[in-house]
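Visitor: Could you have a look at this structure, given as structure tokens, before my questions?
Laboratory data are not the source of any read-out in this text; all were calculated from the coordinates shown. What you see is a predicted model, and the numbers here were worked out from it, not measured in a lab. All Cβ positions, glycine included, derive from the backbone under ideal geometry; neighbour counts span all protein chains shown.
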Amino acid sequence: MKKYDIAAYIWPSYTGKEPRTRIFWEKGIGEWQSVLSAEARVEGQLLPRKPLWGAVDEADPKVMEFQIKEALRHGVNVFIYDWYWYDRRPFLEQCLDDGFLGAPNNGDMKFYIMWANHDAGCVWDKRNADCDEIIWYGSQPRSEFDRVCDRVIKMYFSRPNYYKIDGCPVFMIYDVANLVRGLGGIDETRDALEHFRALVKNAGFPGLHLQMVVYAENAVNVSGVDSSKKGSSKDIAEMLGFDSVTHYQYAHFVNCDRNYSDIIPDVAAEWERIRTQYSMPYYPHVTIGWDNNPRFTHLTRPIITNNDPQTVKEAFEMAKDYADRFNDVPLITVNSWNEWTEMSYLEPDDVYGYGYLEAIREVFCEE
């Protein structure tokens with residue numbers, strides 16, 4: 001039986017243990033505050049949705065012990081943690097450090113880091129979601145970049161369950177345009193990444209596997225957090241020497257204001273474009289849904305409709321076929337484990353139950 005690495009992104013906002021979250025979610029329950037107050041504003045919009053496991057604190061190791069068990073039981077065997085560095089220090093590390101790594105069974109599950117280096121604005125604060133003020137910049141100068149490198153090598157790469165490809169720790173970068181902006185240009189960024197690779201080798205690894213989140217060429221900001229995308233994703237991936245690319249969300253590269261079944265052919269076409277035009281491997285990505293309305297007090301689009309588990313299962317089958325045909329490493333990324341405020345999650349809810357998790361198990365696991 002072929003084993004697949006099903007890697008689900010984790011958005012680590014569902015905790016009150018990070019003091020700086022209070023400026024966004026004053027009730028002290030993290031972004032559950034926005035999820036639980038969501039309202040439907042248009043026909044066909046399945047809001048509010050409630051988590052079957054409850055509005056749990058994912059920085060609690062007991063909570064994550066249960067979630068790890070359920071993930072593995074359904075074929076999800078890698079977590080990709082969104083990881084932040086703002087104002088010269090980490091942000092929202094508690095779900096990873098205290099919850100996941102504190103769970104007694106965390107060694108059964110692989111994990112890796114996606115540096116979510118976008119700017120932090122007001123979109124997390126439902127009261128002020130339409131303002132364009134930047135609270136913290138995600139772009140970092142070289143001195144801060146080097147601190148980030150040292151931290152992730154020492155705290156995470158050395159763990160036996162850190163996800164590696166050919167022995168090399170995988171480190172994903174979300175907003176490469178913002179990375180270049182902070183470091184001062186392409187040449188400076190190339191130099192910083194080469195230094196990162198050298199540090200990883202000095203730590204005893206054969207190398208570093210740098211993974212880039214790819215957008216449509218010359219993509220625009222639809223999520224409310226991404227910086228303006230200019231220039232070719234293909235060119236920048238090659239200039240900076242990335243080892244692989246994947247996606248984070250369908251909303252970054254296709255029109256998502258329609259039925260899920262209508263989106264699938266466009267996703268397949270984009271995978272093929274990247275496969276034939278990029279010089280590094282593309283690992284297929286499946287998004288569960290998109291509806292950012294829990295973060296707003298008015299209707300906002302796009303909204304993916306009719307993304308029931310059986311329809312999403314077709315995308316999982318397409319990803320499996322792609323991995324079988326084109327990739328030596330059977331890695332598939334999924335948005336996401338728990339993006340409730342964007343309505344893109346695998347965790348069971350009161351509408352579809354365990355349907356999305358069961359779809360993964362049916363496609364990728366043999367009894």
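Visitor: Tell me the relative contact order for region 1-144 as a rounded percent, counting alpha carbon contacts under 8 Å between residues six or more apart.
Guide: Working: 225 pairs, mean separation 37.5, N = 144.
This gives 26 percent for region 1-144.
Visitor: Could you tell me which residue out of 354, 8, 263 lies farthest along the dipole of region 5-364 toward its positive end? Charges go on the beta carbon: Lys and Arg +1, Asp and Glu -1, centred on the Cα centre.
Guide: The residue sitting farthest along the positive end of the dipole is 8.
Visitor: Suppose R0 equals 56 Å; then what is the FRET efficiency for residue 187 and residue 41 from their Cβ-Cβ distance, rounded to the nearest 0.05?
Guide: On the way: r = 47 Å, r/R0 = 0.84.
Efficiency, from the Cβ-Cβ distance: 0.75.
Visitor: When we measure straight from the Cα of residue 126, which lysines land under 30 angstrom away, once same-chain ones fewer than 8 places off are left out?
Guide: Partners found: 17, 27, 50, 62, 229, 230.
Visitor: Where in region 310-346 is the amide nitrogen less than 15 Å from a point lying 7 Å along the Cα-to-Cβ axis of residue 3?
Guide: From region 310-346, the list is 329-332.
Visitor: Contact order normalised by length for the chain, with contacts defined as Cα pairs under 8 Å and 6 or more residues apart; what percent is it? Can you show the working numbers first?
Guide: Numbers: 722 pairs, mean separation 70.5, N = 367.
Reported as a whole number, the value is 19 percent.
Visitor: Rounded to the nearest 20 debye, what is the charge dipole size of region 103-202 about its Cα centre when +1 sits on each Lys and Arg Cβ and -1 on each Asp and Glu Cβ?
Guide: Numbers: 13 positive and 15 negative charges, 109 e Å.
My answer is approximately 520 debye.
Visitor: Pick out, from 345, 173, 327, the residue whose Cα sits farthest towards the positive end of the charge dipole of the chain, with +1 on the Cβ of Lys and Arg and -1 on the Cβ of Asp and Glu.
Guide: 173
Visitor: Please report the spacing between the Cα centers of region 243-306 and region 1-28 in Å, no decimals.
Guide: 20
Visitor: Roughly what would the spin-label model give for residue 275 and residue 258, points 7 Å off Cα along C-beta, in nm?
Guide: 2.2
Visitor: What 222 nm value per residue comes from the helices of the chain, counting each DSSP H run with n ≥ 4 as -39,500 (n - 2.57) and dividing by all residues, nearest 500 deg cm²/dmol? Let's see the in-between values first.
Guide: Numbers: 9 runs with 107 residues, N = 367.
Taking each H run of at least 4 residues, the total per residue is -9000 deg cm²/dmol.
Visitor: Explain nothing, just the number: dipole magnitude of the chain about its Cα centre with +1 on each Lys and Arg Cβ and -1 on each Asp and Glu Cβ, in debye rounded to the nearest 20.
Guide: Details: 39 positive and 57 negative charges, 138 e Å.
Value, rounded to 20: 660 debye.
Visitor: Based on the alpha-carbon gyration tensor of the chain and its eigenvalue square roots a ≥ b ≥ c, which shape applies: rounded if a/c is under 1.5, prolate if not and a/b is larger than b/c, or oblate?
Guide: Numbers: a/c = 1.24, a/b = 1.14, b/c = 1.08.
Taking the square roots of the gyration eigenvalues as a ≥ b ≥ c, the chain is rounded.
Visitor: Let me ask something additional. Go ahead and collect, in residue order, the members of region 23-54 whose backbone nitrogen is under 20 Å from a label point 7 Å along the Cα-Cβ direction of residue 128.
Guide: Hits in region 23-54 for residue 128 at 20 Å: 23-35.
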